[in-house]
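Participant: Here it is, the structure, as structure tokens.
The values are calculated or read from the model by the stated rules, or taken from the named source; none is laboratory data. These numbers were taken from a predicted model, which means no experiment stands behind them. No Cβ is skipped: glycine too gets one built from the backbone with ideal geometry, and neighbour counts run over all protein chains shown.
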Amino acid sequence: MRYERIVFCVDVSQEAGCEVVGPPPGHNSNTITRLECAKLLMQRFIFQKSRMNPKHQFGVLTATDLTLWAQECTSDADQVIQNISKLQFENAQHALWDLSTLFSALHDQYPEPATADYVLRVIIIYCRSNTHPSGPDDAQLAIFRANPNCFLDGIYIHDKANVTNQVQAIYDCLSLLGNEEDRFYELTREYRRFSIAMTKLLAHPIQRMAEAPGSYLLQQDPGPRRGTDDGLLI
């Protein structure tokens, strides 16, 4: 089976510094930010994938208003893990995230449709509840989608949907970027669900079956419930 070139695109905006519920076992604090959570799970993912196949390659992009390389693609898992640990969120809000810069950054990584010995997989980790991504243009998205060796997965960590944020619109935008074979997970501020989603993404995308098309509506926060912590089921 062809090896994977996996590129994480991780949000480092101000909302990446918000807390999640239920830090991982052994964490030396009662709180952990969305970005710190993402860093731990990306590092675990890379360690596990590299043990499955040492040829797998990994790269890291960061998303603010633009998309920039933080780590070029390499099969040196230790180097990628080390550089992920250096990521920090920016204490600044951004009015948008220009998705056209994501596909521009990825363009040179696209495998040849007929002859490539690898597949490209992008995993977006997005943390904003009030910043709607813009773009990409139709031509960029068509080129990516038309390549049978390109996949796009996503994890959306957000505040609970309510009338004052854009969670539903952001979810709709991000989930429509990929094809039927791609996977997209949304979750509120709970580490356990984030960990489960990242574990599901370990499988090679070529082994997937297409999911039936559908649409999903995120429920607004009904307020705290008995047997919950801050409104989240425990």
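Participant: Considering Leu40, Leu102, Leu68, which residue is touching a Ser or Thr at 6+ places or on another chain (Cβ under 6 Å), free of Cβ contacts under 8 Å to residues at least 40 places away in the same chain and closer than 25 Å to Ser129 by Cα?
Facilitator: Of Leu40, Leu102, Leu68, the one residue that is touching a Ser or Thr at 6+ places or on another chain (Cβ under 6 Å), free of Cβ contacts under 8 Å to residues at least 40 places away in the same chain and closer than 25 Å to Ser129 by Cα is Leu68.
Participant: Here's another thing I want to ask about it. If a residue must be crowded, with 20+ Cβ neighbours inside 10 Å and either part of a strand (DSSP E or B) or of a type outside the set (A, V, I, L, M, F, W, C) (or both), how many such residues does the range 105-122 contain?
Facilitator: Qualifying residue count, the range 105-122: 4.
Participant: Now for a different question. From the residues in the range 143-175 that are surrounded by fewer than 20 Cβ atoms within 10 Å (Cβ to Cβ) and touching a His at 6+ places or on another chain (Cβ under 9 Å), which one is farthest from Lys200 (Cα to Cα)?
Facilitator: Asn165
Participant: Ser195 versus (1) surrounded by fewer than 18 Cβ atoms within 10 Å (Cβ to Cβ); (2) modelled with pLDDT of 90 or more; (3) not in a helix (DSSP H, G or I): which is the lone unmet condition?
Facilitator: Of the numbered conditions (1) surrounded by fewer than 18 Cβ atoms within 10 Å (Cβ to Cβ); (2) modelled with pLDDT of 90 or more; (3) not in a helix (DSSP H, G or I), the odd one out for Ser195 is (3).
Participant: Return the residue satisfying two criteria in turn: it lies in the range 1-60 and is among the hydroxyl-bearing types (Ser, Thr, Tyr) and over 20 Å from Leu187 (Cβ atoms), and of such residues it is modelled with the lowest pLDDT.
Facilitator: Result: Ser29.
Participant: I want to confirm something. Restricting to the range 175-192 and keeping residues that are outside any loop (DSSP other than H, G, I, E, B) and under 12 Å from the mean Cα position of the chain (by Cα), which single residue is farthest from Phe144 (Cα to Cα)?
Facilitator: Leu187
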